[in-house]
Amino acid sequence: MCIYTFFCLTGCSLKVADVQLPYEPIQEFSLPGETEAPDRWWQAFDDSTLNILVDSALQANLPLKIAWYEFDEARALVKIASSARVPEIFLQLQSGISRPEPDFAGGENTQLGLGTSYEADLWGRIRYSIHAEEYRFRASYYDYKTAAVTLTSEVALAWFRLKANSIQLQLVDEQLETNQQVLALIRNRFASGQVRGVDVLRQQQLVESTRQQRIALEVQRELLENQLSILLGQPPSELAEAAAQLPDLPPLPQTGIPLQLVNRRPDVQSSFYLLQAADREVAAAISNKYPRLTFSLNAALRSNDLVGLFESQAISLGSSLLAPLFYGGRLRAQVDQTEAIRQQQLNEYGQTVLIAFQEIENALMQETKQVQQIEVIAKQVELAEKTFGQLRIEYLNGFTPYLDVLVILNQLQQLRRDLVNARLGLLEIRVDLYRALAGGFETERDNQLEKEMEDL
């Protein structure tokens, strides 16, 4: 669905004021990227389960539904404000009884009236107020888009962490088995008097430490499953087993021209339209200082009783011109207030753009350094494996004390776990980058709204 078509519901004649950022925007990011990221960025990871989870969350997540109904509320506020453009028509029935009757001679105690009033928008006060609501309506739509982008990133992060957790559990189980085998070996050597009893105790401590790590991972898995369940809009429950394999990192997305790129972000769009709304509020406050011209028309049926109600008619037509003379400085203060709000919103918009620049640059820098860290950790793992293999042989031949073997074994197992965490961290950084670059995407609610528009 085209955003332009969508906003024609509120009037395509809306004009936006030029906005000058309070600083010079950057001209390029530190890395240009390789390929254009899809709007539905999570599909770049080629994970069918992740696609299903994200689609389910977009349909059932409760905070996202709240954001949509806030958008619905903003749409209703536009209609309420727009009603000021047309005359108000009302029907009124009045009836009264006076005792004693002589005191009511010649008066009416029953009246049926039809009236209408209309304010001519001479200076644009009503028009500017309506435009302000329409811009807030647009901002609310992009707030919903922002919530959708945030939700998809949270689902992706939770899913990748579950995958990493499965890898860690598998790795810890392998390490626990290795540690128990080493313990059995040391006990046999202790029984033959080749090693000291303290070596057995140290290895037992390593076994128990590995078991403790497994318990911590099991707790972490439960928490991640509960978090993912809530994101999917359902009570905490056990989810399908996550495959013990992290996806490959997709090619780096293109960054392009910084200002054009961040202007695609829904949070930047929301801040921009809130600034436009504040600008129209200033215009409305200025117009409020000028005279108002109001027209009224009343038609009534009057009688002393219900029987003769339709025998007497009266019609009145009137107009009034209300010109503010002295309000104790209230109107001027209202203009100052709206101007201060506009300045606040201008700086808020500038700050939103700055944060967008920061998030993209941070993610680009972090990804570069994270790749380097993974290479370093992988090299350490390789060296630790060779060292452990050599020391193990020396220990079995009686050339090396067990403590040296224990230290390198503990380091090797920790490095393997660190490598999994580093690879997970790389995926988390890429998710942050996709979220920072995201320009929004269509959801089922967007499609439903488009269908409603076609039926109008």
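The values are calculated or read from the model by the stated rules, or taken from the named source; none is laboratory data. None of the values given here were measured: they were computed from a predicted structure. Neighbour counts are summed over all protein chains in view; Cβ atoms, including those assigned to glycine, are modelled from backbone coordinates with ideal geometry.
Considering (1) modelled with pLDDT of 80 or more; (2) in contact with a helix residue (DSSP H, G or I) (Cβ under 7 Å, 6 or more places away or on another chain); (3) not basic (K, R), the lone condition that L112 does not fulfil carries the number (1). Evaluate the following for Y118: is it in contact (Cβ under 8 Å) with a residue 60 or more places away in the chain and either in contact with a helix residue (DSSP H, G or I) (Cβ under 8 Å, 6 or more places away or on another chain) or buried (at least 22 other Cβ atoms within 10 Å of the Cβ) (or both)? No; evaluated as a whole, the condition is false for this residue.
Among the candidates L406, L346, L383, the residue that is farther than 30 Å from V155 by Cβ, at pLDDT 95 or above, assigned to a helix (DSSP H, G or I) and hydrophobic (A, V, I, L, M, F, W, C) is uniquely L383.
The number of residues in the stretch 378-433 that are within 23 Å of M365 (Cβ to Cβ) and β-branched (V, I, T) comes to 3. Within the stretch 22-63, being in contact with a strand residue (DSSP E or B) (Cβ under 6 Å, 6 or more places away or on another chain) and of a type in the set (A, V, I, L, M, F, W, C) holds for one residue alone: A37. Going by what's in this entry, would V262 be described as of a type in the set (A, V, I, L, M, F, W, C) and surrounded by fewer than 13 Cβ atoms within 10 Å (Cβ to Cβ)? No: the conditions fail for V262.
Per the listing I355, I393, I377, the residue uniquely touching a helix residue (DSSP H, G or I) at 6+ places or on another chain (Cβ under 7 Å) and either part of a helix (DSSP H, G or I) or touching a residue at least 60 places away in the same chain (Cβ under 8 Å) (or both) is I377.
Annotation note: of Q59, Q20, the sole residue that is surrounded by fewer than 16 Cβ atoms within 10 Å (Cβ to Cβ) and either of a type in the set (A, V, I, L, M, F, W, C) or in contact (Cβ under 8 Å) with a residue 40 or more places away in the chain (or both) is Q59. Mind checking whether some residue in the stretch 120-131 is within 45 Å of the chain's Cα centre (by Cα), of a type in the set (D, E, K, R) and at pLDDT 85 or above? Yes; the residues of the stretch 120-131 include at least one that is within 45 Å of the chain's Cα centre (by Cα), of a type in the set (D, E, K, R) and at pLDDT 85 or above.
Residues I186, I257: which one is touching a Phe, Trp or Tyr at 6+ places or on another chain (Cβ under 8 Å), of a type outside the set (D, E) and modelled with pLDDT under 90?
Answer to the check: I186.
Table: residues versus (1) under 30 Å from L297 (Cα atoms); (2) touching a helix residue (DSSP H, G or I) at 6+ places or on another chain (Cβ under 8 Å); (3) at pLDDT 90 or above.
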{"position": "A37", "(1), (2), (3)": "no, yes, no"}
{"position": "W42", "(1), (2), (3)": "no, yes, yes"}
{"position": "Q59", "(1), (2), (3)": "no, yes, yes"}
{"position": "S98", "(1), (2), (3)": "yes, yes, no"}
{"position": "P102", "(1), (2), (3)": "no, no, no"}
{"position": "A105", "(1), (2), (3)": "yes, no, no"}
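If you check every pair at least six apart or on different chains, which have Cβ atoms under 6 Å apart with a residue in the stretch 400-416 that is touching a residue at least 24 places away in the same chain (Cβ under 8 Å) and among the polar types (S, T, N, Q) first and a residue that is buried (at least 20 other Cβ atoms within 10 Å of the Cβ) and in a helix (DSSP H, G or I) second? Pairs found: Q413/Q175. Within the stretch 61-96, the residues that satisfy the criterion of being part of a loop (DSSP other than H, G, I, E, B) and at pLDDT below 90 are V86, P87, G96. Out of the residues in the stretch 186-207 that are in contact (Cβ under 8 Å) with a residue 40 or more places away in the chain and in contact with a helix residue (DSSP H, G or I) (Cβ under 7 Å, 6 or more places away or on another chain), which is surrounded by the fewest Cβ atoms within 10 Å (Cβ to Cβ)? If we take residues in the stretch 186-207 being in contact (Cβ under 8 Å) with a residue 40 or more places away in the chain and in contact with a helix residue (DSSP H, G or I) (Cβ under 7 Å, 6 or more places away or on another chain), then R202 is surrounded by the fewest Cβ atoms within 10 Å (Cβ to Cβ).
Taking the listed residues D267, D305, D248, D279, the one that is at pLDDT below 95 and in contact with a strand residue (DSSP E or B) (Cβ under 8 Å, 6 or more places away or on another chain) is D305, with no other qualifying.
To keep it simple, each residue is scored yes or no on (1) farther than 30 Å from Q181 by Cβ; (2) out of contact with any Leu (no Cβ under 8 Å at 6 or more places or on another chain); (3) not in a helix (DSSP H, G or I); (4) not aliphatic (A, V, I, L, M).
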{"residue": "V200", "(1), (2), (3), (4)": "no, no, no, no"}
{"residue": "Q204", "(1), (2), (3), (4)": "no, no, no, yes"}
{"residue": "S209", "(1), (2), (3), (4)": "no, yes, no, yes"}
{"residue": "L217", "(1), (2), (3), (4)": "no, no, no, no"}
{"residue": "R221", "(1), (2), (3), (4)": "no, no, no, yes"}
{"residue": "L224", "(1), (2), (3), (4)": "yes, no, no, no"}
{"residue": "S229", "(1), (2), (3), (4)": "yes, no, no, yes"}
{"residue": "E238", "(1), (2), (3), (4)": "yes, yes, yes, yes"}
